[in-house]
Amino acid sequence: MATSSVSKGCFVFKPDFKKRKIFVPIEDYFNNEELDSEDSKLRFETYSLLWQRMKSETEQLQEELNGNLFDNLVDFLQKSHPEFQKNSRDWGSQMKFREIPTAALILGVNVTDHDVILRSLTETLQNNVTPYVVSLQAKDCPDVKHFLQKFTSQLMDCCVDRNSKEVTSGKALKKTYSMDTLCSWYSAVTQKADPKVTIKRRTASGHWRSPPVVLILKSMESFTSRVLQDFITISSQHLHEFPLILIFGIATSPVIIHRLLPHSVSSLLCIELFQSLSCDQHLTVVLDKLLLTPQFPFKLSKKALQVLTNIFLYHDFSIQSFIKGIKLSLLEHFHSQPLSVLCCDLSEAKKRVNLFSVSQCENIRRLPSFRRYVENQPLGKQVALLTNETFLKEKTQSLLEDLHVYHINYFLVLRCLHNFTSSLPKYPLGRQIRELYCTCLEKKIWDSEEYKSSLQLLRMLAKDELVSILQRCIEVLNSSTEKQLGNATQKIKDFLTQFQNLDAESKEEEDACGSQPKGLQKTDLYHLQKSLLEMKALRRTKKPTKFEMLRENVMDFIDNLVRDYLLPPESQPLHEIVYFSAANTLCEHLNAAPRIALHTALNNPYYYLKNEALKSEEGCIPNTAPDICIAYKLHLECSRLINLVDWAEAFATVVTAAEKTDANSTVSEEMSEVIHARFIRAVSELELLGFIKPTKQKTDHVARLTWGGC
């Protein structure tokens with residue numbers, strides 16, 4: 001765009017529309033040229049179907065976990081309504097009527113998950129309590145003026161009948177922001193509202209003529225103390241005409257309320273605490289529903305699962321990030337594994353095997369686990385598996401069925417073993433089931449010292465503890481719809497019956513011993529010592545009791561179950577079809593190293609830009625590289641202090657070599673000014689990134705801040 005002016009000036013032309021981010025559909029990654037596969041479309045469809053099932057399972061899980069918390073909050077808000085308190089004869093309710101009802105919601109340090117929880121809470125409150133629900137963030141409320149402005153603008157958009165004329169009148173009042181304006185607007189809306197007006201879902205607030213106004217403060221720790229104090233003080237004076245209810249979203253602890261609010265302000269609040277499920281327990285439930293079940297064929301290897309759990313436990317405690325990590329693992333598995341087309345339900349996988357082409361059959365033969373399986377077969381079967389396509393497909397279907405049965409038995413025995421080991425002192429095999437699962441994925445658990453020490457502790461369990469654990473194991477085995485593990489359930493029931501018989505026998509022995517008279521015999525010191533030595537010898541050669549023998553049989557039975565069914569997944573043929581093991585890929589995408597990435601981008605721009613002109617030999621500076629890359633590679637060759645004059649001359653040498661300019665040309669002086677400006681910009685960018693800083697030792701020098709190439 002051109003413009004004419006009498007004098008030189010700087011003209012700003014705003015774009016007509018905002019620049020939108022380029023979004024590449026996931027399907028395009030399966031259709032590119034690098035992915036040479038005849039079933040790429042089917043793999044993408046399988047991935048989409050499987051992820052939708054897992055996503056719906058997680059959403060349902062979130063609703064179940066938050067359901068109890070939301071029900072308690074709804075009950076508290078309904079009882080906190082002024083009309084309910086007026087009609088109540090309870091003295092405490094009459095006192096609370098003078099205070100602002102406040103729910104302190106302890107959400108935990110997983111701040112990234114708070115938006116999802118509070119969004120669901122808002123929908124629940126709008127459906128069950130009141131249509132007037134407002135959420136505010138600290139960044140939008142630097143002072144009381146902006147606080148009231150944001151609060152008023154959001155509140156006036158929440159109307160019982162969204163098509164009513166009160167909305168338009170509310171917009172006309174948005175220019176003035178005060179509690180008096182809010183009170184008059186609220187009174188006008190509630191008085192003019194038709195009691196027969198309903199929203200999409202019939203709410204419980206329809207029984208009240210004046211539904212309360214709920215204000216949710218996200219991350220209360222971020223709000224300024226003075227803003228909260230002023231707003232609460234003002235709101236408490238208008239509580240009789242503006243029924244306000246506060247919900248504090250707290251990430252740390254309830255102590256923050258008293259740190260932000262003095263006693264004169266906190267005494268105006270009627271606070272009740274609500275605790276959400278802890279992050280650790282939430283992670284255990286998610287793993288139990290998504291990975292520790294044969295319902296979904298996709299599984300994670302030990303290293304991949306360790307990467308996701310470490311990021312969760314040591315970085316963000318975010319369940320949403322953990323679920324996204326599982327989604328990334330699922331996507332990478334279907335993208336990189338040609339046989340992932342069989343990572344579906346067993347019946348569908350068998351049908352797809354029958355349609356396999358010759359190249360797909362060769363992919364099966366290339367699997368390391370299948371090659372080990374072939375080596376252990378007789379010579380005749382080896383030849384048939386390597387040459388006969390029909391026999392290979394039949395054997396593949398059989399192995400897939402065996403893998404499915406393996407997972408059913410594996411998770412049942414894993415839960416039973418966790419019931420035994422989760423209550424042991426010092427938790428040798430871990431307190432959470434995910435720790436036990438990672439150990440079983442890595443190696444044969446019965447060869448570990450932790451398992452041996454756990455077994456020794458289990459052989460000393462009391463009868464009551466052992467019986468309760470066996471009863472929980474029966475519940476685990478009965479919860480499975482597919483009956484496996486042979487007669488394990490019946491065997492455990494027999495053990496429980498034997499323990500009950502032991503109780504009956506012990507009572508009979510006590511009754512028999514109590515009926516016999518006990519006579520006291522006189523004896524001397526010699527005979528007393530002799531009898532004590534005989535009793536000591538009997539204790540050394542004492543036979544085990546019936547309970548000890550039965551307990552030993554139970555432990556041997558559990559040990560045999562572990563050795564038979566808790567084999568590592570690597571021992572199963574075709575496990576590569578369902579197990580994702582590329583932990584390094586997850587680390588690259590999720591556990592970023594910004595220093596290394598920054599050094600790679602500046603030292604080798606071709607790695608990210610993929611421009612053939614940027615290719616160069618190692619140690620050389622490409623003359624076509626961006627200015628900041630040239631300045632960065634030149635500064636790597638300098639010592640602690642860098643001379644700006646020498647650095648500028650070297651930069652100009654590289655740039656002029658790229659542009660092939662002649663030093664004797666007429667434009668050389670003008671070009672030198674441009675090169676000098678480009679050098680200044682590159683140095684400023686390096687200073688902004690933290691590679692250099694000005695120094696007072698020498699005015700024409702800068703100090704280098706990084707060493708070792710990054």
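Structural remarks
- Exclusive hit being open to solvent by 20 Å² or more (accessible area, probe 1.4 Å) and at positive phi, set K633, K610, K615: K610
- Of all residues in segment 324-334 being crowded, with 20+ Cβ neighbours inside 10 Å and out of contact with any strand residue (DSSP E or B) (no Cβ under 7 Å at 6 or more places or on another chain), the one that is nearest to T58 (Cα to Cα): I326
- Residue tally, condition farther than 26 Å from T112 by Cβ and part of a loop (DSSP other than H, G, I, E, B), over segment 261-292: 4
- Within segment 379-395, being open to solvent by 70 Å² or more (accessible area, probe 1.4 Å) and within 42 Å of the chain's Cα centre (by Cα) holds for one residue alone: E394.
- Of all positions in segment 305-322, at least one carries a residue that is outside the structural domain of A251 (by the TED database), in contact with a Gly (Cβ under 6 Å, 6 or more places away or on another chain) and in a helix (DSSP H, G or I).
- Residues in segment 407-440 that are without any contact (Cβ under 8 Å) to a residue 60 or more places away in the chain and open to solvent by 30 Å² or more (accessible area, probe 1.4 Å): H418, S422, S423, P425, K426, Y427, P428, R431, E435, T439.
- Condition met for F334 (at pLDDT below 95, aromatic (F, W, Y) and part of a helix (DSSP H, G or I)): yes
- Residues located in segment 167-207, provided they are within 26 Å of G249 (Cβ to Cβ), modelled with pLDDT of 50 or more and open to solvent by 50 Å² or more (accessible area, probe 1.4 Å): Y177
- Criterion violated by H404 - all others in (1) crowded, with 19+ Cβ neighbours inside 10 Å; (2) under 20 Å from R563 (Cα atoms) satisfied: (1)
- Among (1) part of a helix (DSSP H, G or I); (2) open to solvent by less than 70 Å² (accessible area, probe 1.4 Å); (3) in contact with a Ser or Thr (Cβ under 8 Å, 6 or more places away or on another chain), the one test that P622 misses: (1)
- With respect to the conditions (1) assigned to a helix (DSSP H, G or I); (2) at pLDDT below 85, T585 lacks only one, and its number is (2).
- In segment 580-594, the residues that are under 22 Å from S340 (Cα atoms), of a type outside the set (A, V, I, L, M, F, W, C) and either under 17 Å from the mean Cα position of the chain (by Cα) or open to solvent by less than 20 Å² (accessible area, probe 1.4 Å) (or both): H589
- All of H240, H258 fail the test of being assigned by the TED database to the domain that holds A103 and assigned to a loop (DSSP other than H, G, I, E, B), apart from H240.
- Lone qualifier among L260, L246 - being modelled with pLDDT of 90 or more, within 20 Å of I100 (Cβ to Cβ) and out of contact with any helix residue (DSSP H, G or I) (no Cβ under 6 Å at 6 or more places or on another chain): L246
- Only one of the listed residues (A631, A583, A650) is without any contact (Cβ under 8 Å) to a residue 40 or more places away in the chain and among the aliphatic types (A, V, I, L, M). That residue is A650.
- So L292, is it in contact with a Phe, Trp or Tyr (Cβ under 6 Å, 6 or more places away or on another chain), open to solvent by less than 20 Å² (accessible area, probe 1.4 Å) and not polar (S, T, N, Q): yes
The values are calculated or read from the model by the stated rules, or taken from the named source; none is laboratory data. This one's a predicted model, so the numbers in the text were calculated from it and none came from an experiment. Note that we place each Cβ from the backbone using ideal geometry, even for glycine, and neighbour counts take in every protein chain shown. We work out accessible area using only protein heavy atoms, side chains counted, and drop any ligands, DNA or RNA first. Shrake-Rupley method; radii C 1.70, N 1.55, O 1.52, S 1.80 Å.
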